[in-house]
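The values are calculated or read from the model by the stated rules, or taken from the named source; none is laboratory data. Computed from a predicted model, the values in this text were never measured in an experiment. Note: ideal-geometry Cβ built from the backbone for every residue, glycine included; neighbour counts use all protein chains shown. Ligands, DNA and RNA are excluded from the accessible area calculation, which covers all protein heavy atoms including side chains. Shrake-Rupley method; radii C 1.70, N 1.55, O 1.52, S 1.80 Å.
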Amino acid sequence: MSQLETEHSVDLFVIGGGINGCGIARDAVGRGFSVELAEMNDLASATSSASTKLFHGGLRYLEYWEVRLVREALIERETLLKAMPHISWPMRFVLPLHQDMRFETTTPTSRLLSTVMPWMKGRRPEWLIRLGLFMYDNLGGREILPGTKSLDLRTGEEGKPLQDKYEKAYEYSDCWVEDSRLVVLNARDAQARGATILTRNKVVKAAPGQGGWTVHIEDTQTGKRSTLTAKALVNAAGPWVAEVMDDALEVTHQAQVRLVRGSHIVVKRQYPHDKCYFFQGTDGRITFAIPYETDFTLIGTTDAEHLDPSVKPECTPSERDYLIDFVNQYFKDPITADDVVWTYSGVRPLYDDGASSATAATRDYVLKLNQSSGSPVLNVFGGKITTYRRLAEGAMRELGAVFDGLPGNWTAVVPLPGGDFAVNGVDDLVAELSASYPFLTPRWALRLVRAYGTEARSMLGDAASVLDMGTEFGATLTEREVRWLIDTEFVTQADDVLWRRSKLGLHMSDDQIETFRTWMADQDVSRTDAAAEQA
């Protein structure tokens, strides 16, 4: 407990436990710096658990001429895939073609073509899509992922769920990622290398002083306050990045943040194959339909202005209906609002580059090092989940102005916890786990491998039967797994398990969820106590 209640000093203090904050903490501690991170809620409790769950280059960003961002993201797909083959895997995307495809009218490409080809009247021509896919295949130097090919939707399985008017499509590669697990694994690896990770601890004030900052933290569960000093700060507070600058740090800045809400809906599974759809709309926007959690289809996303980060983002009825109407232009069997089993929304904290619409706002990241007070703070704006590791390396380069003799980059070749196996090794790992633990059903074994990789054995331990797993909460969630999550993955509340460390809440009944909530409440879990024991 003394580490948390008594003033101490670190090289780097990180504000925010999303993917950018945890990625920077991991990178920094791996270079030999002492690091502490504070997150006012659970890890990945905001934007980083509300993405479309993709490692992707951003095909549509090519129309905004963001070639550097797309190239960096395309290169990163395979780097990340090798580092975390349990929580990330290749997926094929089907892009149906039709005559009514339109540009988002503010893109540089649409403006150019409207000038030189006015007779197209804003339509997105097939040759341009093929050119974009050619660039997508070749900008990033693919080694693992297959390239683009044409599909005949009249004869292929990909066309069966679609309306008969869709006859041709292109198929290309991107990758799935379990976004909130990605955050937790970065935090765990940072902690294993010596970082202190504090969840449900809010930075209430950070005052500049001689040689650094004095940081005041409040435990949001107990109200206890602690103080430390840090040579430098990283403000990776996501949607709250400007609020932290204004209120907690009181630093002078001119940076503007544009909050853009992205909403998703989840419906019962709409088709049997395992490919995704990339649907283009008549309004210039795109929507994905993705196989999700075995039994469902994920549909998203929207782009809507979100004015206040303190207001919890929710999928509005109009956003839900927009997504339903969008995919119903493609699917043969229309979906309705009654088919929606779950919705979620996240707020993207984009750097305000003056774009005319939320859709057009840049998804690139911007790093601003501020030393006006004499104490350095690096403010992080924007970014996308695919480029989090490169953002962390960029952050360390910026901090090179503060820390002399910065060691070199290292994260590209080091797997995350549980990811130390081959990219194509999931089936072998499932078979080995099933042989060692015969009580696991095939679906259960696959879920554990996809969540924990090679660490699934550590979680299962000496269990020889289902009875050894303790209380069964439903959907293969057991007491042994939950206690392992509490001990190793910063879990303190039921939703940490049901909606972030997993999505098992989708598979459990209301009664099962309520029973689990009651059980978790009775555990009196305290991250403060757990962190103190590790210290």
Exercise. Just from its helices, what would the mean residue ellipticity at 222 nm be for the chain, if runs of 4 or more DSSP H residues each count -39500 (n - 2.57) and the sum is divided by every residue, rounded to the nearest 500 deg cm²/dmol?
Worked result: -8500 deg cm²/dmol
Exercise. When DSSP beta bridges are limited to those with both residues in the chain, what percentage is antiparallel, rounded to the nearest 5?
Worked result: 75 percent
For this session: Would you check the accessible area of T515, probe 1.4 Å, heavy atoms only, in square angstrom rounded to 10?
Result: 90 Å²
Exercise. Given H placed on each backbone N at 1.01 Å, which residues far from F296 in sequence or on other chains put an amide H within less than 5 Å of it?
Worked result: R269
Problem set entry | Charge dipole (debye, nearest 20) of the chain; +1 at Cβ of Lys and Arg, -1 at Cβ of Asp and Glu | 1560 debye
Exercise. Considering the dipole of the chain built from charges on the beta carbon (Lys and Arg +1, Asp and Glu -1) around the Cα centre, which of V525, A44, A435 is farthest to its positive end?
Worked result: A44
Seminar exercise, completed: Carbon and sulfur atoms account, in whole percent of the 1.4 Å probe accessible area of the chain, for 49 percent
Exercise. When the chain is fully extended, how far beyond the present Cα-Cα distance does R517 get from W65, taking 0.36 nm per residue of separation?
Worked result: 158.0 nm
Exercise. Taking K and R as +1 and D and E as -1, what net charge do the other residues with C-beta under 14 Å from the C-beta of E479 add up to?
Worked result: -3
Exercise. Given labels modelled 7 Å from the Cα in the Cβ direction, how far is it in nm from D462 to W127?
Worked result: 7.1 nm
Exercise. What shape does the range 414-457 have by the C-alpha gyration tensor, where a ≥ b ≥ c are the square roots of the eigenvalues, rounded means a/c under 1.5, and otherwise prolate means a/b greater than b/c and oblate the rest?
Worked result: prolate
Exercise. Where in the range 298-320 is the amide nitrogen less than 14 Å from a point lying 7 Å along the Cα-to-Cβ axis of R269?
Worked result: 298
Problem set entry | Pair T222, N424: separation of 7 Å Cα→Cβ label points (nm) | 5.1 nm
Exercise. Peptides 172-183, 154-165, 295-306, 203-214: what's the order by average Cβ count within 10 Å, highest mean first?
Worked result: 172-183, 295-306, 203-214, 154-165
Seminar exercise, completed: For the E243, T155 Cβ pair and Förster radius 51 Å, calculated FRET efficiency rounded to 0.05 is 0.40
Exercise. Residues of the range 422-524: accessible area per residue at 1.4 Å, in Å²?
Worked result: 46 Å²
